[in-house]
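Working notes for the structure below.
The values are calculated or read from the model by the stated rules, or taken from the named source; none is laboratory data. All values derive from a computational prediction rather than experimental measurement. Positions of Cβ are backbone-derived with ideal geometry, glycine not excepted, and every protein chain shown enters the neighbour counts. What goes into the accessible areas is simple: the full protein's heavy atoms, side chains included, and nothing from ligands, DNA or RNA. Shrake-Rupley method; radii C 1.70, N 1.55, O 1.52, S 1.80 Å.
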Amino acid sequence: MCGIIGYTGGRPAATLLIDGLKRLEYRGYDSSGIAVLDGEKLTTVKTVGKIAELDKKANGGKDVIGTVGIGHTRWATHGVPSDINSHPHVSANGRFAVVHNGIIENYAELKSELIAKGIPFASDTDSEVIAQLVQYLYDGDMLTTLREVCARLVGSYAVGLISTDDCGTLYATRKDNPLVVGLGRNENFIASDFAAALEHTHDFVQLGDGEIARLTPSSVTFYSSNGVRIEKTPFRVDWDISQAEKGGYPHFMLKEIYEQPKALTDTVRPRVKGSSIVLDKIALDTRNANLIEKIDIIGCGSAYHAGIVGKYFIEKNCRIRVNCELASEYIYSNPITDSRTLTIIISQSGETADTLAALRLAKKLGSHTIAIVNVVESAIAREADDVLYTHAGPEIAVATTKGYTTQVAALYLVGLKIAKLKHTLSDARYAELLDGILALPQQVRAQLDDVAGIKKYAKRFAQHKCVFFIGRGTDYAASLEGALKLKEISYIHAEAYAAGELKHGTISLIEEGTVTLALATQRALFYKMLSNIKAVQSRKGTVLAVASAANSEVSEFTDGMLVIPDCDDDLSPVLSAVVLQLFAYYVAAERGCDIDKPRNLAKSVTVE
Ligand code: G6P
C-alpha cells in the first residue's frame, strides 16, 4: 500500500525523504516521488518503478534543494502506474503539493466541479483532487482551508501537504488511514508508518481521525476537526532500526522466520506468571468468561488463518462456539452479535481497513472486543476495548511469518486463560498445554537449525504449477496458511483442503505428478489422514508429508517427509507454520521471485 514521509528541519530534505521511502518499500508500491520546498521554489521529482529510479532521477537528492518536503510510494488504485499519476500532486497554480494514502470515493464528482470552475487536472488519480481542492478553497489560512477540504472529502485519507506560501511548514491530516507525527530535535516528521522515521526519532504522536497537525522545525501543533488547538501525548516506539534492516539475511522474510523464537518468547513469556496467564489489562475474569456465549474471531489473510487455528483451540478447550470470519465478509453480513459475544480482532499492522471496519461494527452492536495486534498505537489497538500486543517487532516482508505465529501464540494464551476461568480443562491438561506453549520458542529454534530437508524438497518441487495442502483438524487450519504462503511469494497455484473433503471434489484434480503436502501431525487423526494420503497416491499423486517425529511411520506411505518436533496435537500449527514458511521461501528463491515484495500485494491494506 502507499507510504508517506514528510520532513521539516535543517537538513537537506530530499535525501532524507528518499531514505524514508526506501524504508517504506516493503509496503508494496509501483511508483514514487518527492516534492521539496526551497523558499518559494517547489521542486517535484516523480517516477514509475523502484525507488532506485527516483534516487537516480534526483541525483541521490543532491539536485533537489530545500529542507522541507513530502515523499510518497504509490500503489495504484485509480489510474495506471505512471510518472504523472505518481504523488506528490501539485495544484494547477503550482503552489500546493500533496501526498495522499487512501481512496477519495467522491473524487469524480469533485473533479467535474473543479474542472467546471476552470481548474485543469493532470492525472487520472483520485488523490489529485485534494491538491486542486486546496487551491480552490485556499483563503490564506491553511488550517481553515484544510478543514474545509476535509469536509468535502468522502473516503479515507492520510494527507501530507506543503505550500509555497508557508515555506518551513508541513501540514498533515487523516481519516481512517494511518499517519504518525515523529518528534525530533529541531526537526519533525510525518509518516504513514514508524519505519520511515525510526532512524531519526523514537517519539511519535498518533494523529486522530479528522485532526490536523502543523509542523515546523521547532514546533508541532495539533488541532481538532473543529479547529480547536489540542494537546496530544507522545508515545515511544522502542523498536530498533536494525530490526527493520536485513542484518545479513538475503531477505527480510528469511530474517523474520529466524526471529520467531524471540518473537514467540516475547509474546508468551511475560504473560505467564507461575501457572497463571496474565493478559495485560484485558477484562477477563471468571464472571466475564462465564458470560461468553459465543466468540467471533475476525481478520484478513494470514490473520484470518491464525483465527481458524484459534477456533479449533478454543472450541476444543473452552467448549465455546467460535466463528472465524473474514473481516470483509463480516462487515456486510448483518452479523449476529451482542454483549454475550466476545469478538477477537486480529491484525499484525492494526490498520487493515476491512478489519478496522469489522471492529467498529462489533463494538457498535454491543460486543466486547479484544484486539490481537503487533503495531503499537495502531488504529485497531486504540479502538478495541482491550488490546493484547504480539511482541513480534517490525515485520517488513509482505508475507507475514512471525506476525502469524505470534498471533497464534496469543490466541493460545487467550484460549487457555478462558479454559482456566471456566474450568473446562483439568489442572493436569491445563499445565500440559501451558508447558507446551512455553516450549514452542525452543522447538522452533531447533527446527531452524536444520533446514536441509526443506531446501531439498523445495528445489525438487519448485517448478510445479499446482500444489495441494491437506490436513485434518488443526492441521487443516495450518495448511490454509501454508498454501497462502506458497502462492503469495512463489506464484504457484496452491490450495488447502480439509483432507476428508478431498474425495468430495478435489480428488478429480489429482493426477500423475500432482504434488500434495499432507500435514499429519495429529496423533488422534493419524489413521484417517493415512487413508487420505493413500487415496492421493492411488491416483499417482506425489505426497510430501509434514509430520511430527511420533508420526514418522507416515513416511512409508509418502514420497518424502518433513519432520516437526513432537508436540501437543493442539499446538502443532506453530511448528508446521515454520516448515511451510521455509518451504515457500526456498521454492520462491529457486524460482527467482521478488520474495519480500511479491507482485500486486501490499503489507498493510488500508483501503476496503
Ligand atoms: C495483507 C497482507 C497479508 C496480511 C493481511 C492482513 O493482505 O498481504 O499478509 O495477512 O493483509 O494484515 P494485518 O496487518 O491486518 O494482519
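Compute the projected area of the convex hull of the Cα atoms of region 1-157, averaged over all viewing directions, and report it in nm² to one decimal place. Could the numbers behind the result be given before it?
Details: hull surface 33.8 nm².
The Cα convex hull of region 1-157, projected and averaged over all directions, gives 8.5 nm².
Can you send over the carbon and sulfur percentage of the accessible area for region 392-506, probe radius 1.4 Å, protein chains only?
Details: 2060 of 3940 Å².
Whole-percent figure for carbon plus sulfur exposure: 52.
Taking a cut-off of 18 Å, what percent of all Cα-Cα pairs in region 560-608 are separated by more than that?
Values: 600 of 1176 pairs.
That tail contains 51 percent of the Cα-Cα pairs.
Say each of R340 and E556 gets a label point 7 Å from the Cα, pointing the same way as Cα to Cβ; how far apart are those two points in nm?
5.1 nm
Any idea what % of Cα-Cα pairs in region 211-356 are farther than 18 Å?
Working: 7838 of 10585 pairs.
Value for region 211-356 (Cα pairs over 18 Å): 74 percent.
Which Cα, out of V373, A358, C466, lies furthest along the positive dipole direction of region 338-472 (beta carbon charges, K/R +1, D/E -1)?
Highest projection toward the positive end goes to C466.
Can you give me the relative contact order of the chain as a percent, contacts being Cα pairs under 8 Å and 6 or more apart? Can you show the working numbers first?
Values: 1412 pairs, mean separation 72.2, N = 608.
Dividing the mean separation by the residue count of the chain yields 12 percent.
Just from its helices, what would the mean residue ellipticity at 222 nm be for the chain, if runs of 4 or more DSSP H residues each count -39500 (n - 2.57) and the sum is divided by every residue, rounded to the nearest 500 deg cm²/dmol?
Values: 18 runs with 213 residues, N = 608.
After summing the helix terms and dividing by the residues of the chain, the value is -11000 deg cm²/dmol.
Using Cα atoms only, what is the angle between the long axis of helix 13-24 and the major principal axis of the chain, expressed in degrees (0 to 90) to the nearest 10?
Between the helix axis and the principal axis of the chain, the angle is about 20 degrees.
Hey, how many Å between the Cα centroid of region 267-303 and the Cα centroid of region 119-157?
If we compute the Cα centre of each part, the gap is 44 Å.
Write down the Kirkwood hydrodynamic radius of region 1-59, to one decimal in angstroms, obtained as one divided by the mean of 1/r over all alpha carbon pairs.
Values: mean 1/r = 0.0850 Å⁻¹.
It works out to 11.8 Å.
Under unit Cβ charges (Lys, Arg +1; Asp, Glu -1), what dipole magnitude, rounded to 20 debye, does the chain have relative to its Cα centre?
On the way: 65 positive and 72 negative charges, 176 e Å.
Result for the chain is approximately 840 debye, rounded to the nearest 20.
How are the Cα pair distances of region 320-462 distributed, in percent, across 5 Å bins from 0?
2, 9, 15, 17, 17, 14, 12, 8, 4, 2, 0
Over what distance in Å are the Cα centres of region 397-444 and region 235-254 separated?
Distance between centres, Cα-based: 25 Å.
Relative to the longest principal axis of the C-alpha atoms of the chain, give the angle of the C-alpha long axis of helix 474-490, reported between 0 and 90° and rounded to the nearest 10°.
So the inclination is approximately 50 degrees.
Below 18 Å, Cα to Cα, which lysines can K311 reach? Residues fewer than 8 away in the same chain don't count.
List returned: K294, K417, K420, K422.
For a quick check: with amide H placed at 1.01 Å from N, whose amide H comes under 5 Å from I297's, ignoring anything fewer than 5 positions away on the same chain?
Excluding prolines and chain starts, which carry no amide H, the hits are N323, C324, E325, I344.
Cα convex hull of region 121-193: mean projected area in nm², to one decimal? Mind showing how you got there, number by number?
On the way: hull surface 22.6 nm².
With the hull built on Cα positions only, its mean projection is 5.6 nm².
Please compute the length gained on full extension between E40 and K117, using 0.36 nm multiplied by the number of residues separating them and subtracting their Cα-Cα distance.
Numbers: separation 77, 0.36 × 77 = 27.72 nm, distance 2.58 nm.
Roughly 25.1 nm would be gained on extension.
Seen from all sides and averaged, what is the projected area of the convex hull of the Cα atoms in region 152-267, in nm²?
Values: hull surface 39.2 nm².
Convex hull of Cα atoms, orientation-averaged projection: 9.8 nm².
Apply 1/(1 + (r/R0)^6) to the Cβ-Cβ distance of Y527 and D165, taking R0 = 51 Å, and write down the FRET efficiency to the nearest 0.05. Intermediate values should be presented prior to the final figure.
Values: r = 76 Å, r/R0 = 1.49.
Between Y527 and D165 the formula returns 0.10.
Can you give me the Rg/Rh ratio for the chain, using Cα atoms for both radii and the Kirkwood formula for Rh?
Computed over Cα atoms, the ratio is 1.00.
At 1.567 mPa s and 4 °C, plugging the Kirkwood radius over alpha-carbon pairs of region 402-469 into Stokes-Einstein gives what diffusion coefficient in µm²/s? Provide the component values of the computation, followed by the final result.
Details: Rh = 14.9 Å.
Using the Kirkwood radius from Cα pairs, D works out to 87 µm²/s.
For the pair A549 and K281, what calculated FRET efficiency results from E = 1/(1 + (r/R0)^6), where r is the Cβ-Cβ distance and R0 = 30 Å, to the nearest 0.05?
Values: r = 40 Å, r/R0 = 1.33.
That gives a FRET efficiency of 0.15.
Can you tell me how much longer the chain between K503 and I241 gets when fully stretched, taken as 0.36 nm per residue apart minus their C-alpha distance, in nm with one decimal?
Details: separation 262, 0.36 × 262 = 94.32 nm, distance 4.99 nm.
Separation in residues times 0.36 nm, less the Cα-Cα distance, equals 89.3 nm.
Select from I51, P394, C324 the residue farthest towards the positive end of the dipole of the chain; place +1 on Cβ of Lys and Arg, -1 on Cβ of Asp and Glu, and compute about the Cα centre.
C324
Within region 22-164, how many Lys pairs sit with Cα atoms under 21 Å apart, leaving out pairs fewer than 8 places apart on the same chain?
So the count works out to 11.
Could you give the distance between the Cα centres of region 20-65 and region 197-218, to the whole Å?
Cα centroid to Cα centroid, the span is 21 Å.
Before I look further, what does the chain give for accessible area per residue, probe 1.4 Å, in whole square angstrom?
Numbers: 22370 Å² over 608 residues.
It amounts to 37 Å² per residue over the chain.
What nm distance separates the two modelled labels at D63 and I230, each placed 7 Å from Cα along Cα→Cβ?
4.3 nm
Under the 0.36 nm per residue contour assumption, what length would be gained going from the current alpha-carbon distance of D427 and N186 to full extension?
Numbers: separation 241, 0.36 × 241 = 86.76 nm, distance 5.76 nm.
Length difference between fully extended and current span is 81.0 nm.
Ignoring any ligand, DNA or RNA, what whole percent of the accessible area of region 92-180 comes from carbon and sulfur when the probe is 1.4 angstrom?
Working: 1410 of 2930 Å².
The C+S portion of the solvent-accessible surface of region 92-180 is 48 percent.
Grab the beta carbon distance between H464 and L137, set R0 = 60 Å, and tell me the FRET efficiency rounded to 0.05.
Details: r = 57 Å, r/R0 = 0.95.
FRET efficiency, H464 to L137: 0.60.
Can you pull the one-decimal nm distance between simple spin-label points at L291 and R591, each 7 Å off the Cα toward Cβ?
Spacing of the two 7 Å Cα→Cβ label points: 4.9 nm.
Cα axis of helix 353-364 to longest principal axis of the chain: angle in degrees, 0 to 90, nearest 10?
That works out to roughly 80 degrees.
Send over the semi-axes of region 49-121's equivalent ellipsoid, whole angstrom and largest first, taken as the square roots of 5 times the C-alpha gyration tensor eigenvalues.
Values: eigenvalues 133, 51, 21 Å².
Rounded to whole Å, the semi-axes are 26, 16, 10.
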